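A quick write-up on the structure given underneath.
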Amino acid sequence: MKLKIAVLAGDGIGPEISTQGVAVMSAVCRKFGHEVSYTEALCGAAAIDAVGDPFPADTLKACQEADAVLFSAVGHPKYDNDPAAKVRPEQGLLAMRKQLGLFANIRPVQTFDCLVHKSPLKDELVRGADFVCIRELTGGMYFGEKKEGSDYAHDTCAYTRAEVERILRVAYDYARRRRKRLTVVDKANVLASSRLWRKVAQEMAPEYPDVETDYMYVDNAAMRMIQDPKFFDVMVTENTFGDILTDEGSCITGSMGLLPSASTGESTPVFEPIHGSWPQATGLDIANPLAQILSVAMLFEHFGLTDEGALVRRAVDASLDANVRTPEIQVEGGEKYGTKAVGEWIVRWIEEN
Ligand code: IPM
Ligand code: MG
């Protein structure tokens, strides 16, 4: 297969983990005889510095011309504490999602048995937890009408029936391929937009009689996720709730550095870690490249290349088993590997297995 990949490394630790993701992707492609080519493009603070725009037209073009985007992270501290900044790195990510029509964000929360002890939750709660959050990605408050003044500001959470229906279809299809349980997370006791979500879900549920649908308020879901994460199979929710719940989900697994995601929709799909740019770690060679590398596995799987995806996952498992780990997940007394060393170990394992 021929694969054209747009590589958007972004800011902070982005370039370091991106390099390892690309190296792993190339190793797998060499092994399976796929022809892969990469186009690097600017986004985030790096793009603001270079051309004054966090998602420049050239970057959009590179994404549109690619089969997939391998994205890393955006964000820079100089914007975080400056509410007056005219343009922010995160706008680049939102622009990419909107302009590529990436309405479905798939965020698997998968635990690794060997890392269960790193979770803030008790072993028995975490072991075996395995769910997917399907987050709506191009609607809701992030994109609704806004007003920002010095004494007054508002954001609007708006959804159309069509937007709700298409994300629910993605979620039902996922549930069908898994344990056939879908939890629709909303705040229908308070919010009108949530009531639309619930109404559309109730209308669609009979079309999926093989899937058990349940409904949960988001505050309750946040609690349930730490009380009983194994309750969930597939959850679907609107943009902001999904953003918040997936950060919570990532800490259940023990490290944010482990969770990949896929964003799909109308145009080129994007594969990215769910963590951010971790500016404090920039250049220190300590960031965990596994979320980026597992994003490569999701990329392969998206194109039906399941053996390729499985090989990446086996290589990641092997690195964990061999204790080739970055500092935040290393066992006590174990050698601490850098971003580069972990990536290179995984590439070698792929070449040899
Ligand atoms: C995420 C991030 C982004 C979001 C930020 C960087 C805009 O937190 O992908 O979860 O809120 O969607
Ligand atoms: Mg987030």
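Throughout, read-outs are computed from the coordinates displayed, never taken from laboratory work. Everything quoted here is computed from the prediction, not taken from an experiment. For neighbour counting, all protein chains shown are included, and Cβ atoms are generated from backbone atoms with ideal geometry for every residue, glycine included.
Overview of values
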| item | result |
| --- | --- |
| Simple label model, 7 Å out from Cα along Cβ direction - Glu207 to Ala318, nm | 4.3 nm |
| Dipole moment magnitude, nearest 20 debye, the chain about Cα centre, only Lys, Arg, Asp, Glu C-beta charged | 540 debye |
| Euclidean distance of C-alpha centroids, segment 87-101 and segment 124-195, integer Å | 18 Å |
| Cα radius of gyration and Dmax for segment 51-172 (Å) | 18.4, 51 |
| Computed [θ] at 222 nm, helices only, for the chain once each DSSP H run of length n ≥ 4 contributes -39500 (n - 2.57) | -13000 deg cm²/dmol |
| Segment 114-251 - charge dipole about Cα centre, Lys and Arg +1 at Cβ, Asp and Glu -1, debye rounded to 20 | 400 debye |
| Mean projected area in nm² (Cα convex hull; one quarter of hull surface) for segment 195-253 | 4.4 nm² |
| Nitroxide proxy distance, nm - points 7 Å out along Cα→Cβ at Lys147 and Glu266 | 2.8 nm |
| Taking the C-alpha atoms of the chain, convex hull volume expressed per residue in Å³ | 140 Å³ |
| Charge sum, other residues only, whose C-beta stays under 14 Å from Val190's C-beta, Lys/Arg counted +1 and Asp/Glu -1 | 0 |
| Overall dimensions of segment 208-307 by Cα: Rg and Dmax, Å | 15.7, 51 |
| Segment 93-125: trypsin sites (Lys or Arg not before Pro) falling in loop per DSSP and having at most 13 other Cβ within 10 Å | Lys122 |
| Pairs of Cα atoms farther than 25 Å apart, segment 114-251, % | 30 percent |
| Longest DSSP-loop-exposure-free segment, chymotrypsin sites (Phe, Trp or Tyr not before Pro), the chain, at most 16 other Cβ within 10 Å | 1-151 |
| Within-14-Å neighbourhood charge of Lys61 [Cβ basis; K, R +1; D, E -1] | -3 |
